[in-house]
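Every number in this text was worked out from the coordinates using simple rules, so none of it is lab data. All values derive from a computational prediction rather than experimental measurement. Quick reminder, even Gly has a Cβ in these numbers, built from the backbone with ideal geometry, and neighbours come from all protein chains shown.
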Amino acid sequence: MTSKNTICLWYDGTAVDAANFYAKTFPDSAVGTVFCAPGDYPDGKQGNVLTVEFTVAGIPCIGLNGGPHFKHSEAFSFQIATDDQLETDRLWNAVVGNGGQESECGWCKDRWGVSWQITPRSLIAAVSDPDRAAAKRAFDAMMTMKKIDIAAIEAARLGPNQSLS
């Protein structure tokens, strides 16, 4: 890996599985070098996969098979910007449908416990609208959602007396 900064994610023996899932699910993602341990280590034996290099949406990562000692939390998440409802649905359904779980406001977790924010660009535009009343309506609508519904966000942004044309 040539990047000066690489995200290291801890897995309990499943780093290659996670990397393969990310590579097939997210654009600009790939699996790189798989490194096997040259000797025994606390949660593995010589020859076991110790690390796997991968990228997720262009971000360099290393998956470390460190054992069961540490778990992922919402304190770290990948935020993936989507361009439309089709892409939002595809990514959300891929993460949740592969043993993951839904959360709130566009957040979900994959089967390995890594948190993802599947975030339509239109949501960011809506909640940062200079019309603060429109931004609040969009924000309030988002707060009721699990997967983001772009049409509902846009309708809330416009308000009750306007329609999408």
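Quick notes
- Paramagnetic label zone (point 7 Å from Cα along Cα-to-C-beta, Asn98; backbone N under 18 Å) in region 26-41: 26-34
- Fully extended contour minus Cα-Cα distance, from Phe70 to Ala125, at 0.36 nm per residue: 16.2 nm
- Report summary: the helix-based calculation at 222 nm, which adds -39500 (n - 2.57) for every DSSP H run with n ≥ 4 and divides by the residues of the chain, gives -9000 deg cm²/dmol.
- Principal-axis tilt of helix 85-97 within the chain, Cα atoms, nearest 10 degrees: 40
- Highest-first arrangement of 126-135, 39-48, where packing means the average Cβ count within 10 Å: 126-135, 39-48
- In sequence order, calculated HN-Hα J values of region 63-73 (Karplus, 6.51, -1.76, 1.60; Hz; x Gly/Pro): x, 10, 7, x, x, x, 6, 10, 10, 6, 9
- On Cα atoms only, tilt of 15-25 relative to the major axis of the chain in degrees: 40
- Couplings 3J(HN,Hα) for region 151-160, derived from phi with the Karplus relation 6.51 cos²θ - 1.76 cosθ + 1.60 (θ = phi - 60°), are 4, 5, 5, 5, 5, 5, 4, 5, x, x Hz, where x marks Gly and Pro.
- Lysine pairs in the chain with Cα atoms under 24 Å, if 8 or more residues apart or on separate chains: 12
- Mean separation of Cα contacts under 8 Å, 6 or more apart, over the residue count of the chain: relative contact order %: 17
- Additional length obtainable on full extension of the chain from Ala133 to Ala30, 0.36 nm per residue less Cα span: 32.9 nm
- You can think of it this way: the chain between Lys45 and Gln79 has 8.8 nm of extra reach, that is 0.36 nm per residue less the Cα-Cα gap.
- Cα-centre dipole for region 1-68 with unit charges at Cβ (Lys and Arg positive, Asp and Glu negative), debye to 20: 140
- Positive-end residue of Val127, Val31, Leu91, charge dipole of the chain with Cβ unit charges: Val127
- This model, with +1 at the C-beta of Lys and Arg and -1 at the C-beta of Asp and Glu, gives region 83-122 a dipole about its Cα centre of some 160 debye.
- For Asp140 and Asn161, the FRET efficiency from 1/(1 + (r/R0)^6), where r spans their Cβ atoms and R0 equals 22 Å, is about 0.85.
- When +1 charges are put on Lys and Arg Cβ atoms and -1 charges on Asp and Glu Cβ atoms, the dipole computed for the chain relative to its Cα centre reaches about 160 debye.
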